[in-house]
1. Do we find that residue 274 is within 18 Å of the chain's Cα centre (by Cα), assigned to a loop (DSSP other than H, G, I, E, B) and of a type outside the set (Asp, Glu) in this structure?
2. Out of all the residues in the range 101-114, which are farther than 15 Å from residue 59 by Cα and buried (at least 23 other Cβ atoms within 10 Å of the Cβ)?
3. Within the range 115-130, take every residue that is closer than 17 Å to residue 82 by Cα and of a type outside the set (S, T, N, Q) and give me the one that is surrounded by the most Cβ atoms within 10 Å (Cβ to Cβ).
4. Of all residues in the range 260-310, which are surrounded by 18 or more Cβ atoms within 10 Å (Cβ to Cβ) and of a type in the set (Gly, Ala, Ser)?
5. Run residue 89 past the list (1) in contact with a helix residue (DSSP H, G or I) (Cβ under 7 Å, 6 or more places away or on another chain); (2) under 30 Å from residue 153 (Cα atoms) and report the number of the one that doesn't hold.
6. On the basis of being more than 20 Å from residue 91 (Cα to Cα), crowded, with 19+ Cβ neighbours inside 10 Å, among the small types (Gly, Ala, Ser) and modelled with pLDDT of 95 or more, does residue 197 make the cut?
7. What helices (runs of 4 or more DSSP H) lie completely within the range 29-146 and have 2 or more residues being within 23 Å of residue 294 (Cα to Cα)?
8. Regarding residue 74, is this residue among the aliphatic types (A, V, I, L, M), modelled with pLDDT of 95 or more and buried (at least 24 other Cβ atoms within 10 Å of the Cβ)?
Amino acid sequence: MNMRYVLLIHAGCEDIVPEKFTPEEEQEHLDSLSQSLKAGRSVLENGGRAVDAVQKAVMVLEDSPLFNAGRGSVFTHEGKNELDASIMNGQNLQAGAVAGTTRIKNPVCAARMVMDRSGHVLLIGQGAEAFVREQGLELVDATYFHTRGRWEEYVQATGKKKQESNPAPAAGLEKFGTVGAVCLDRQGNLAAASSTGGIMNKKHGRVGDSPIIGCGVYANNSTCAVTCTGEGEFFIRTVAAHTVSALTEFGGLSLEQACQRVLDHIQDLGGLGGLIGVDHKGQTAVVFITQGMFRGMVQEGEEPWVAMYG
């Protein structure tokens, strides 16, 4: 199959409005999104697979302190960082995920290892870390994830005044949710990946939609690839990502219509969030019910674009 590749990314959606960012901060966020697209695009330009492209794109966002995943993850109520991630290959419906990890530098890589090497779909906490350590994946000290901006946000949220030892600087005090990527490659294969630090001040052990296949992420070559961001409990309750797929397969809706239908339902339940998706024909959707979403797209033969406001 000779398709034009398509790669979409998001890095969370909240009330992202111009007055919250200096011009320098705005450009820094857009540059990080562009770097993510560039990393995924380099895979696709060389004939690589969608599953590799979404992993590379998400890794860039995990390494940035600007977004709530990997390096920029928010703190739990106990003042720790607990990270979740998932990845799914639409070609064979294989999937992998990790949840509640504290030492894995790039959780999306751990999710990929679970998918490729474990025979399982979801590993959590110390079990996930033990498994990926055996596989040779890099582990870091938990303080790697401690950034000054997130710590100040945590103090504001909890009123706690504990002293953090030399936290590194980071821009912004807002929580921006999940990062994710979806892709259609030249061979017609779909993939999706997601990574998050969860919700600021969350209870120890809380798991949202991001590592739950069918809720925060889903990919099926017959339909579409979708990844979600927002208030995860609502995306779990509506099985959001798979519902988008089902609405296109059985309900006759376009991808954008299906995404909007799911978000309308979530909004009716009291939740907020957004979705990005690409279907097996290369049609795309970027839908959100907040004032902004960090997002971007590149399609073969066209210039990439990135945006953050509504």
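1. The answer is no for residue 274.
2. 101, 114
3. Going through the qualifying residues, I end up with 128.
4. 271, 273, 274, 277, 285, 292, 296, listed by residue number.
5. Evaluating residue 89 over (1) in contact with a helix residue (DSSP H, G or I) (Cβ under 7 Å, 6 or more places away or on another chain); (2) under 30 Å from residue 153 (Cα atoms) leaves (2) as the failure.
6. yes
7. 50-63, 107-117
8. The answer is no for residue 74.
The values are calculated or read from the model by the stated rules, or taken from the named source; none is laboratory data. Because the structure is predicted, anything quoted here is derived from the model rather than measured. We place every Cβ from the backbone using ideal geometry, glycine too, and count neighbours over all the protein chains shown.
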